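Below is one structure, written out as structure tokens; comments come after it.
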Amino acid sequence: MNTKIKKGLITFTAAASLAVTGLGVSNASSTTVKADTVTPTAVRTNSMTILYSTASSDAKTTGRALAANTDWSVGKSATDASGNTFYYVGKNEWVKASDVTDMSTITEAATDDSSASTQSDADAVVNTAKQYLGTPYVWGGKTPSGFDCSGFTSYVYQQATGKSIGGYTVAQESAGTTEAVSQASVGDLLFWGSQGASYHVGIYLGNNQYIAAPQPGESVKISSISSYFMPSFAVKVL
């Protein structure tokens, strides 16, 4: 993470800092400090955060603080004799670890949320696609009155996720990341034919099945992947 230390520190008196946090200043100034083995690269302040002159709760505050919900680079970390961890975020200035959040934790939470969102979108694609089982195949069809293969996949993705993936197979090849059919997951697009010249597309349902508008004379249906009619590659859109 390329996070620069911010310059906009909040300056206030020592008395004000005590009023904000309720912390007292002890006369005991000597504390044993030992190196901490875990040092985040950056942290985010949970609220207005007091700065200390040394890595100790017994140390005097510097009379300055970091604004709430701001991100700061961490140079090193240390733990005082009482077991309180501090992070070095400025020139001779430290913050309590309990007053900030490790940015890697925030990133992991965002990743988890993204994964949940992807799964939700995949479920929406599958559920929407199944609503049109039995819809007749119509050459060039792009509405529920009749679909061709790419018209079907385009309509389903637009309705389920709001994504525009293009109106024909070759355009839809570029709607996401190309992958092997064996790596396909629920909601991915399956293509038949070589890249740049694909002639058929469907939506993978999982368990070796897909849904598609097959050909004239047939309707939207669920089929099993087989060696007789094997997709050539897949594309992960979500």
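The values are calculated or read from the model by the stated rules, or taken from the named source; none is laboratory data. The structure displayed is predicted, hence computed values, not measured ones. Virtual Cβ from ideal backbone geometry, glycine too; neighbours counted across all protein chains shown.
Structure above, values below:
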read-out: Pick from the stretch 65-94, criterion surrounded by 15 or more Cβ atoms within 10 Å (Cβ to Cβ), charged (D, E, K, R) and outside any loop (DSSP other than H, G, I, E, B), ranking: nearest to the chain's Cα centre (by Cα); value: D71
read-out: Among (1) more than 17 Å from A129 (Cβ to Cβ); (2) modelled with pLDDT of 95 or more; (3) not polar (S, T, N, Q), the one test that F229 misses; value: (2)
read-out: Qualifying residue in the stretch 204-218 (condition: more than 33 Å from the chain's Cα centre (by Cα), more than 25 Å from T161 (Cβ to Cβ) and free of Cβ contacts under 8 Å to residues at least 60 places away in the same chain); value: no
